[in-house]
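Student: Dropping the structure in here first, questions after.
Just so it is clear, none of the values below were taken in a lab; they were calculated from the coordinates. Since we're looking at a predicted model, the values are computed, not measured. Heads up, the Cβs are rebuilt from the backbone with ideal geometry, glycines too, and the neighbour counts pull from every protein chain shown.
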Amino acid sequence: MSSIRANTISAANGTDPVTLTKQAAAKAWIVQDTGGTNVTRGSLNISSFTDDGTGDHKLNYSNSFSGSDNYSVTGSTSTTTGGNPGVIQSNVSSTVSLLDFEVKRSTDGAKSDSNIVGIHIHGDLA
């Protein structure tokens, strides 16, 4: 049996990162502080993050997906304002280039901000 071991994998030119287009890896992700400072802690394929009010947010993708009903969104939050666990709800207005989502308290469903929101998007890019 063979083994492949590497510290870095790069494109054929030796410097650019490998492009993942057909693999099952997340095609976009973000870790965002929405509880006060509204700072992006890290992201991939996200051109902008918009805070539309308490618990109401939008992500714009740098590279669009192949269909608005052809990708999967998962998310997680730290505790919401008030100390309750949060849940992520994607809205029907999401498109191939934009994700509209809300953070809600799991206890009563009210929109709430969270210190940390993590979103991962899987699907085929256009």
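Student: How large is the Rg to Rh ratio of the chain when both quantities use alpha carbon positions and Rh follows Kirkwood?
Tutor: We get a ratio of 1.06 for the chain.
Student: While we're here: Calculate the spin-label point distance for GLN89 paired with SER47, positioning each point 7 Å from the Cα along the beta-carbon direction, and give it in nanometres.
Tutor: Taking the simple label geometry, SER47 and GLN89 are separated by 2.9 nm.
Student: Could you pull the Cα extents of region 52-126 along its three principal axes, largest to smallest, in whole Å?
Tutor: Sorted largest first, the three principal extents are 40, 19, 18 Å.
Student: Compare THR79, THR19, THR34 in a GNM of the chain, Cα atoms joined below 10 Å, and give the one with the largest fluctuation.
Tutor: THR19
Student: Which trypsin sites (Lys or Arg not before Pro) in region 40-115 pass both tests, a DSSP loop state and at most 14 other beta-carbon atoms within 10 Å?
Tutor: none
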